[in-house]
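Quick notes on the structure that follows.
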Amino acid sequence: MWALLVLIGAASVSAHLQDLSFDGQKVFRVIPQNDEQVEILNFLASIMEVDFWQPDSVTLVRPKMQVDFRVEAEKSFKVEDLLKESGMEYQVLIDNLQAALDAQFDSQARTASHSYVKYNNWNTIAAWTADIAAQNPDLVSRSVIGKTYEGRPMYLLKLGKSGADKKAIFMDCGFHAREWISPAFCQWFVKEAVETYGKDTVMTTLLDKLDFYVLPVVNIDGYVYTWTNDRMWRKTRSKNTGSTCIGTDPNRNFDAGWCTLGASDYPCSSTYCGSAPESEKETKALADFIREHLSTIKAYLTIHSYSQLLLFPYSYTYNLPSNYQELNSIARAASKELASLYNTEYTYGPGATTIYPAAGGSDDWAYDQGIKYSFTFELRDTGRYGFLLPESQIKPTCEETFLAVKYIANYVLEHLY
C-alpha cells in the first residue's frame, strides 16, 4: 500500500486546485475506523492537494468521524484504489464536480436581476442592499462598516422601526466564500422581515422592539473570487508576508483561543489563522462594529454551511459556557421549530464536541465579549451536494432557517439582559 501512496505522490505536487474546470474531480466520503486509517488520510493530504470539506482540515480527522474531501480528476482513481486497499469504508458523494457545479443553477427564476431563489453575485447583492433600503425607508437603513482587503465596501443593513433604547441582534453571512447558501439566507431574512411586518404578529413585534443588524456577506473578496476564478475558494484574498499562498480563514481570525485548536499557522492551509487576531480587514471591521455596539447587541447569529447543525460556544475549548443549559434548550427548541416545516434534522450542541474543536471563531469571540446568546448555523445539506446546494433548495432552506432564527430572536426579546 505504501508503494501505491508514494506512486500517487510523485506526480501530484505540480497539479493545482486552481484549475478552473472541475471536470472529473470527485468528492469522497470516508469513515476511518482506527488511527491507522486516519494516518492514511494524513499521508494522502501530505502528498497531494486534498480539499477537506468536512471537517475543514485533515488535522481534525478522528476515528469513526465522517470525512468529506475533494481530489483532482487525475488522482481520483488512485485514491479510490488506496481506499479499497486500506479497507476504509467510502462512498463517492459527487462523481463529477463540474456537473454538480453546473447543476446548482437549476432555479426556474429566469432573471438577470436580483432574485431570492437564485444565487446572486456580489454586484447584484450590493445593488440590492441599496434598493431594499430605498424601498423600505421606515424599516431598513444601510451603512458601510469598513472596506475589504481589495477595497470593497462592507454594507450593513439595519432592520427595525425607529425607537429609543432598542436592543439588537447581529447576524452575518458569507464568512467562507464557497458557502453560497449562507448569503442567500441573509437576503431572504431581510425580504421576509419587510414583507411580513404588519402581517405576522411575531415579526412585527420583533421589529418594533428590536433592531437587526444584517451583514449579507462578510468575506466579499473571497465571494467574488468564487464567481470569477475558483468556486471552491474559502478564505479571504489578502496577501501573506513571506508566502505565495493567499488568504486567511476569517473564522479562525478572532481573538478567541486564537490559533490554538483546529486552526493552522501555515498560510497555505484552508484554516490559516492569519498573522494575528483581526489581521483581516473584514474581521476587524466586524469586531469593531460589535465592540462599539456591545451595550445594545444581545445576540449574535452567524450563518455557515453545510451539515445541518446549530452550534453554540465553545469551539476553542471543551469547557462549557456558563449558561450551557439555557443555550442548549434554545438550540433544541429552535431545531424543533426548523424541522416543523420539512422535517430537516439538525444536530445541536457546543461546537467543540458537536463537530470538532476550532479556535478563533466569531461566535466564541462574541460570547466572550458578553453576548450571551451566540449561535452558529450550518445550513443544508449533509453532504449530497455539500457546498454546491442547488438553487431549487434555496427557498426551503431559507424558509425553515427563518423559523429557527425567529424563535431565537423572540426568546432573546423575552429574556433581555
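The values are calculated or read from the model by the stated rules, or taken from the named source; none is laboratory data. Here the structure is a predicted model, which is why all the values come from computation and not from measurement. When we count neighbours, we look across all protein chains shown, and the Cβ atoms used for this are built from the backbone with ideal geometry, even at glycine. In case anyone asks, the SASA skips ligands and DNA or RNA and just uses the protein heavy atoms, side chains included. Shrake-Rupley method; radii C 1.70, N 1.55, O 1.52, S 1.80 Å.
General remarks:
- The long axis of helix 324-342 is offset from the longest Cα principal axis of the chain by roughly 90 degrees.
- Per residue accessible area in Å² of segment 306-417, where ligands, DNA and RNA are left out and the probe is 1.4 Å: 35
- With the highest mean first, a sort of the peptides 98-106, 151-159 on other beta-carbon atoms found within 10 angstrom per residue produces 151-159, 98-106.
- Histogrammed with a bin width of 10 Å, the alpha carbon distances of segment 26-103 distribute as 19, 59, 20, 2 percent, first bin at zero.
- Coordinate range along principal axes, alpha carbons of the chain, Å, largest first: 70, 49, 46
- Burial order of peptide ranges 272-280, 27-35 (average beta-carbon count within 10 Å, highest first): 272-280, 27-35
- Among the protein heavy atoms of the chain, carbon and sulfur supply 50% of the accessible surface, probe 1.4 Å, non-protein parts ignored.
- Given R0 = 51 Å, the distance between the Cβ atoms of ASP200 and ASP35 translates into a calculated FRET efficiency of 0.45.
- Antiparallel bridge percentage (DSSP; both residues within the chain; nearest 5): 50
- Simple point charges give the picture: +1 on the Cβ of Lys and Arg, -1 on the Cβ of Asp and Glu, and for segment 122-414 a dipole about the Cα centre of about 240 debye.
- Projected onto its three principal axes, the C-alpha set of segment 183-307 covers 55, 35, 25 Å, listed from the longest axis down.
- 0 to 90° range, to nearest 10: angle between helix 122-135 axis and the chain longest Cα axis: 10
- Residue-averaged [θ]222 nm for the chain, counting only DSSP H segments that reach four residues, each worth -39500 (n - 2.57): -11500 deg cm²/dmol
- The slack between ALA127 and THR244, meaning 0.36 nm per residue of separation minus the straight C-alpha distance, is 38.8 nm.
- Taking the Kirkwood radius as Rh and the Cα radius of gyration as Rg, segment 277-347 has a ratio of Rg/Rh equal to 1.03.
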